[in-house]
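Since the structure comes first, as structure tokens, the remarks are kept for the end.
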Amino acid sequence: MTTLSIQLVNLFAAFLLMLAFAMLAQRRVLSLVNLYALQGLTVVAATTVVAHVTHQQHLYYSAGLTLALKVCFIPWILHRLIKRLNVRWDVETLINIPSTMLVGIVLVVFAFNLALPISKLSSSVVPGTLGIALACVLLSFMMMITRSKALPQVIGFLAMENALFFAATSATYGMPMVVELGIALDVLVGVFILGVFLFQISEQFESLDIHHLENLKED
Amino acid sequence: MSPLVLVLISPLVGALVLALLGQRPYGRDINVVFSFATFLASAFLTARIVANGSVFALDQQFFIDSLNVFLVTLTTLIGFTTSIFSRPYMRIEEERGKMSPNRMRLYFSMYQLFNFCMLLALTTNNMGILWVAMEAATLTTVLLVSVYRTPASLEAAWKYFILCGVGIAQALFGTILLYMAAQRVIGEGRNPMLWTNLNAVKFHLNPVIMSLAFVFLLVGYGTKVGLAPLHNWLPDAHAEGPTPISAVLSGLLLNVALYAVIRCKVLTDGALGNHFAGYLMIGFGLLSVLVAAFSLLRQKDIKRMFSYSSIEHMGLMTFAFGMGGPIANFAGLLHMTVHALSKSAVFYAVGHAAQKAGSQIMDQIRGLMKISPTVGWGLMMGTLAILGMPPFGVFASEFLILTSAMRQLPWATPLLLLGLGVAFAAIFSRVQPMVFGETNVKRLPHAPALLPVFLHLGLVLMLGLYIPGYLNTWFLQAAKIIGG
Amino acid sequence: MTKVFSQFISIVTPILLAPMLLGWVNQVRAWLANRSGAGIFQPYRMLHKLFNKDSVMASTASPLFRFVPYLMFGCMLLANAIIPTLSTDLPLASAADAIALVGLFALARIFISLAAMDIGTAFGTMGARREMLVGFLAEPALLTVLFSASLIGQSTSLTTIVEAVAHKHFAIYPSLVFAGMAFILVFLAENSRVPVDNPATHLELTMIHEALILEYSGRHLALMEWTASLKLFAYSTLGIALFLPWGIAQKATPSSLLVALPSLALKLTLIGVVLAVVETFSAKLRIFRVPEFLATAFLLGVIGMLTHILLGT
């Protein structure tokens, strides 16, 4: 039974990686938000299975917290933001999507390589997933860099935080509860601030194109 | 109540009160009162540390030792003087229509909350809470940077949020790896996230995990320190926000981030036993000094110029801590103190100067001495202080750093001298026509707050000539803790 | 003796059942479009009609043109013969493994493209170009899928892979999940299904597969249609063999066949429904988006292999 659970966690990790690539290849903002919610759900599922296998009670709480925050609340806020800002356009990318995917593969190989010696040392039941989590972090980071609109950058940031949470779960069975609460609070406040920001930016510039935000240079 | 708890509670209560009352005319004064209360509490705390040595609090979750005690007092002092400075400055800004009453409330309450986050980060023993506090400090200031709602400030705040957010995420990964290394070694019943526990077992932490963890922690917290090549957000954020915010960001938040890096470096040095962490810090520090010095030449906005100067000084400090050894560590700690004091003094003077001229562009500020000798002399003295002229304290610390570098890393010394020299030339040549010569600035409707400027400069001067006994002891003890 | 029998039914089953699979897919598509459809035996009626007609040929046709339909039929038949449909006890399997299977598909693709260009019409050449584009990108993707599977089975022989996955105790392989997704994308591309190509289109400028067989008529067209349905069948059974192999017999004994046949029928029914649903819910991609589609498939295949190396499964 335990081996099956471990394989299930590995499966969720692989699914997470797939979602990270799917977000990278997405053109529509609404599907990005839904993919983010799905990613949150995968992380919750993986955390619950790890909690079950390792009998760590606090992981159940942290899975519940993630469910409430990242699957329900934050996507709801993002949907409302999209509706009020009226942004439904196609996502513009700085380099075209096939090249983005190829660079993504290179990042995945890099992340796996980096994480391999650490996985060998880890005493966790699911050591291999640290590499996948690191790969997801790097992919979200790339998503932030290659988008030219504000909202996908925000979602990339949130996805990065998701991947980090998964890394914590798989490598160390989560962090102490107080730290996790603090991180959750930070994420929540961050999303609020970003929402306020997006309003300010769209009021000021009549658009959420990041290219408007590139005028501060020294000349 | 323990003074430590008072130090933390006072800004929290202040934030709540000012969230309700900040827009009233006496809101500014309430801000000063709360900052003073925090300062008093930290003075009591310091007195207790002087008497009794290091202190734990709240089941070991908080820890004050010689490394962070002077930083706590420094933070509360500069928080207090900045709130004094905020009084006339924000009043003038409000009268000029750049701030609305709601935004004043936001400004004051976020200011107190920001102080709380910094103090939390400095006093906590828990590496996870350190991360949370650093991220919270970023979040509280993001809205403050954009408070003027101009396109430039929105851009600056956005960059600040995104780049620092990404950086902090890397630091979170580093913290996770640190936790992983700790779990393997620290037994049951002892919290593996507490720095004191980690410090006790640092020689047993796994080197592979710790080296990767330190890289992520350095990149993450280093982004907040403003190390090149991760410094892009700094000039914008420090230049576009209100000047009091620039002062605390440059003076205090960079210090807190560097403090976080130092705590991690201590653990890494113990785990690895070689100079890997030190070399990384030396590399980043040197790069920052050079990049900042050469970027200084092209600046037209005065606050951007001084923020590049902050990057340069933080690079110098990182270099010093990277070198390690008792003298370099002592010099780094002294530099943290005097840089915070002089940079905030400079920003106070710059703030009023820019208000007089109506613009932050240096070509448009001329001849301050004619209209307002106090602001003029404040700016001149502050600039000389920050550039490392003797007998100000910055000269002492820079001298110590350079002599250690000559002894340990001779090849780096010419580069450092080059960076410092270029910065001196660039800044001095820009400030001189601003202070002397024909004037084009006007008087301010309210008296500028110049007590903070001269108070800070006085302290820097004193530290250049004489370091009080207890401060000396703390620096030496902290230098030993940092080791290397 | 059982070996010969098992190989025999492995050849006969596709020939007989492939048109029915095609008919089933078209029927489900019709139901989803709220039409009553033509019934699952319609392809058989079509084949019967075509075989009874004369074959008309252009005067510019070369012997290659007449020869290609038979060659294609032979290729697809051989491909079906080496994929374990009902049992893994196939003597022909030792002649060709997974890589040779891809080679067989490539051989078929080359000849049909040549035949399309043979007559010299514009549409034929256009179809040939597009077919080569799709195939050029789909082939590496298919290879990565097969490699992921063979990393698990420790061999590139399809029968060994099936035995490794089916007859060991149940395990979830994340790399196979990625390979499965990649395989679905390649399946849609290679069999000319929506979203890559609409098999029911009559607009020549949007055709890929239909453009290739535009010039054929009579028995040649019958063979080409049959070949297309055999290719669909081959891909379906390949997918079943790699990802859903439970129920495939190890020896062709009557008892195990009693299990294998219904399970095959059930799985093919399911695949037909899923294919029809995917086709109904997708819109056809513009031609310049097709490389992106296939790049995604390749990517997923590569990630599958990488996860296998990282996770060990």
Inset, instruction - Starting from the stretch A:177-205, take each residue that is touching a residue at least 24 places away in the same chain (Cβ under 8 Å) and list its partners that are of a type in the set (Lys, Arg) and part of a helix (DSSP H, G or I), counting only C-beta distances under 9 angstrom and pairs at least six apart or across chains. - result: A:Ala184/A:Lys70; A:Val187/A:Lys70; A:Gly195/A:Arg80; A:Phe199/A:Arg84
Inset, instruction - Looking only at the stretch C:279-310, count how many residues are at the interface with chain A (Cβ under 7 Å from one of its Cβ atoms) and in contact with a Pro (Cβ under 6 Å, 6 or more places away or on another chain). - result: 3
Legend entry - Qualifying residues in the stretch B:83-109 (those that are closer than 30 Å to B:Asp65 by Cα and surrounded by fewer than 24 Cβ atoms within 10 Å (Cβ to Cβ)) - the one farthest from the chain's Cα centre (by Cα): B:Ser109
Inset, instruction - From A:Phe165, A:Phe73, grab the single residue that is in a helix (DSSP H, G or I), more than 12 Å from chain B (Cβ to nearest Cβ) and touching a residue at least 60 places away in the same chain (Cβ under 8 Å). - result: A:Phe73
Inset, instruction - Give me a count of the residues in the stretch B:178-194 that are facing chain A (nearest Cβ under 7 Å) and either assigned to a helix (DSSP H, G or I) or at pLDDT 85 or above (or both). - result: 4
Inset, instruction - Can you work out which of the residues in the stretch C:166-190 that are away from every other protein chain (no Cβ under 11 Å) and buried (at least 22 other Cβ atoms within 10 Å of the Cβ) is nearest to C:Leu311 (Cα to Cα)? - result: C:Phe183
Legend entry - Residue in the stretch A:108-121 that is in contact with a helix residue (DSSP H, G or I) (Cβ under 7 Å, 6 or more places away or on another chain), facing another protein chain (nearest Cβ under 9 Å) and within 30 Å of A:Ile82 (Cβ to Cβ) present: yes
Legend entry - Residues located in the stretch A:170-209, provided they are more than 7 Å from chain B (Cβ to nearest Cβ), small (Gly, Ala, Ser) and under 13 Å from B:Leu143 (Cβ atoms): A:Gly195
Legend entry - Flag for B:Ala133 being within 23 Å of B:Ser100 (Cα to Cα) and either in contact (Cβ under 8 Å) with a residue 60 or more places away in the chain or more than 7 Å from chain A (Cβ to nearest Cβ) (or both): no
Legend entry - Selection count, the stretch B:284-309, where residues are of a type in the set (S, T, N, Q), more than 10 Å from chain A (Cβ to nearest Cβ) and more than 18 Å from B:Ser344 (Cβ to Cβ): 1
Inset, instruction - For B:Leu198, work out the one condition from (1) within 13 Å of chain A (Cβ to nearest Cβ); (2) part of a helix (DSSP H, G or I); (3) at pLDDT below 90 it doesn't fulfil. - result: (1)
Inset, instruction - For the stretch A:142-152, state whether one or more residues are within 8 Å of chain B (Cβ to nearest Cβ), farther than 27 Å from A:His55 by Cα, of a type outside the set (S, T, N, Q) and part of a helix (DSSP H, G or I). - result: yes
Inset, instruction - Scan the stretch B:137-157 residue by residue and report those that are among the polar types (S, T, N, Q) and in a loop (DSSP other than H, G, I, E, B). - result: B:Ser146, B:Thr150
Inset, instruction - Answer yes or no as to whether B:Gly393 is at pLDDT below 90 and either within 15 Å of B:Gly332 (Cβ to Cβ) or of a type in the set (Lys, Arg) (or both). - result: yes
Inset, instruction - Filter the stretch B:437-458 down to the residues that are surrounded by fewer than 19 Cβ atoms within 10 Å (Cβ to Cβ) and modelled with pLDDT of 85 or more, then identify the one that is nearest to B:Thr73 (Cα to Cα). - result: B:Leu455
Inset, instruction - Considering each of C:Leu114, C:Leu104 in turn, give the residue that is under 18 Å from C:Phe233 (Cα atoms) and of a type outside the set (Val, Ile, Thr). - result: C:Leu104
Inset, instruction - Return only the number of the condition from (1) in contact (Cβ under 8 Å) with a residue 24 or more places away in the chain; (2) of a type in the set (A, V, I, L, M, F, W, C); (3) more than 14 Å from every other protein chain (Cβ to nearest Cβ); (4) surrounded by fewer than 20 Cβ atoms within 10 Å (Cβ to Cβ) that A:Ile97 does not satisfy. - result: (3)
Inset, instruction - For the stretch A:37-53, state whether one or more residues are out of contact with any Ser or Thr (no Cβ under 6 Å at 6 or more places or on another chain), under 17 Å from C:Thr296 (Cβ atoms) and either more than 12 Å from chain C (Cβ to nearest Cβ) or without any contact (Cβ under 8 Å) to a residue 40 or more places away in the chain (or both). - result: no
Inset, instruction - Identify the residue in the stretch B:121-130 that is at the interface with chain A (Cβ under 10 Å from one of its Cβ atoms) and assigned to a helix (DSSP H, G or I) and, among all such residues, is surrounded by the fewest Cβ atoms within 10 Å (Cβ to Cβ). - result: B:Ile129
Legend entry - helices (runs of 4 or more DSSP H) completely within the stretch B:207-319 that count 1 or more residues being more than 26 Å from B:Ala354 (Cα to Cα) and not hydrophobic (A, V, I, L, M, F, W, C): B:207-225, B:254-272, B:276-296
Inset, instruction - Within the stretch C:214-259, count every residue that is part of a loop (DSSP other than H, G, I, E, B) and surrounded by fewer than 23 Cβ atoms within 10 Å (Cβ to Cβ). - result: 10
Inset, instruction - Tell me which of these B:Leu297 doesn't satisfy, since it passes every other one: (1) of a type outside the set (Gly, Ala, Ser); (2) under 14 Å from B:Leu418 (Cα atoms); (3) modelled with pLDDT under 90; (4) surrounded by 20 or more Cβ atoms within 10 Å (Cβ to Cβ). - result: (4)
Legend entry - Members of the stretch B:366-384 found to be farther than 21 Å from B:Ala396 by Cα and among the polar types (S, T, N, Q), listed by number: B:Ser372, B:Thr374
Legend entry - Those residues of the stretch B:154-164 which are surrounded by 24 or more Cβ atoms within 10 Å (Cβ to Cβ) and either farther than 14 Å from B:Pro235 by Cβ or more than 8 Å from every other protein chain (Cβ to nearest Cβ) (or both), in sequence order: B:Trp158, B:Tyr160, B:Phe161, B:Cys164
Inset, instruction - Within the stretch B:364-372, identify whether any single residue is outside any helix (DSSP H, G or I), touching a Phe, Trp or Tyr at 6+ places or on another chain (Cβ under 6 Å), of a type in the set (Gly, Ala, Ser) and buried (at least 19 other Cβ atoms within 10 Å of the Cβ), and answer yes or no. - result: no
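Table: residues versus (1) more than 14 Å from chain A (Cβ to nearest Cβ); (2) closer than 17 Å to B:Ser344 by Cβ; (3) surrounded by fewer than 24 Cβ atoms within 10 Å (Cβ to Cβ); (4) touching a residue at least 12 places away in the same chain (Cβ under 8 Å).
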site: B:Gly220; (1), (2), (3), (4): no, no, no, yes
site: B:Asn232; (1), (2), (3), (4): no, no, yes, yes
site: B:Pro244; (1), (2), (3), (4): yes, yes, no, yes
site: B:Val248; (1), (2), (3), (4): yes, yes, no, yes
site: B:Gly251; (1), (2), (3), (4): yes, yes, no, yes
Legend entry - Options A:Leu78, A:Leu11, A:Leu59; residue that is closer than 23 Å to A:Ile105 by Cα, surrounded by 20 or more Cβ atoms within 10 Å (Cβ to Cβ) and at pLDDT below 90: A:Leu11
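The values are calculated or read from the model by the stated rules, or taken from the named source; none is laboratory data. Here the structure is a predicted model, which means the values were calculated and not measured. Ideal geometry is used to build each Cβ from the backbone, glycine not excepted, and the neighbour counts take in all protein chains shown.
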